[in-house]
Amino acid sequence: MGSSQTNKGTVAGVFPIVGLIVVGIIIALTITTIGRRRVEQFNHEVEVAAESAAASPPNFLDYDPYRHATVYTNHLVVYTNHLVVYTNHLVVYTNHLVVYTNHLVVYTNHLVVYTNHLLRPFITSNVLPALP
């Protein structure tokens, strides 16, 4: 009768830990999905802005032979800004990955400590062999 009560306690103790791990995974997936949607929305806005900029008619009355150099420089600045934005996104996502990995390590450590705590009565009563 004592063994079944201990098993119930073990099961009741393991389920919250597994539940926390599942909730952590769901939160990580949700944050990742939201981040991807924001990147897709940003890319769509950039495409729309590029299409609207390309749709303007040429101005033949105000000819500037150096206009193309200015336009190419502006394009270079825009692409460099996009590169900086994407690099910042990469840094943010890498930081999130480090944080989630740290959380996973902490939850795993808690699981080990809690499992050792649950097994302690068995080890001290010589039901199971002692762990090294």
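The values are calculated or read from the model by the stated rules, or taken from the named source; none is laboratory data. Just so you know, these numbers come straight off a predicted model, no measurement behind them. Neighbour counts are summed over all protein chains in view; Cβ atoms, including those assigned to glycine, are modelled from backbone coordinates with ideal geometry. In case anyone asks, the SASA skips ligands and DNA or RNA and just uses the protein heavy atoms, side chains included. Shrake-Rupley method; radii C 1.70, N 1.55, O 1.52, S 1.80 Å.
The selection criterion, being modelled with pLDDT of 75 or more, among the basic types (Lys, Arg) and surrounded by 10 or more Cβ atoms within 10 Å (Cβ to Cβ), does not hold for residue 67. Scanning the stretch 74-91 for residues that are open to solvent by 80 Å² or more (accessible area, probe 1.4 Å) and either of a type in the set (Asp, Glu) or within 22 Å of the chain's Cα centre (by Cα) (or both) yields a total of 4.
In the stretch 33-53, the residues that are open to solvent by 100 Å² or more (accessible area, probe 1.4 Å) and modelled with pLDDT under 90 form no Cβ pair under 6 Å with any partner that is part of a helix (DSSP H, G or I) and of a type in the set (A, V, I, L, M, F, W, C), whether six or more places apart or across chains.
Taking the stretch 92-106 as the range and being exposed (fewer than 14 other Cβ atoms within 10 Å of the Cβ) and under 18 Å from residue 29 (Cα atoms) as the test, the residues that pass are 92, 94, 95, 97, 98, 99, 101, 102, 105.
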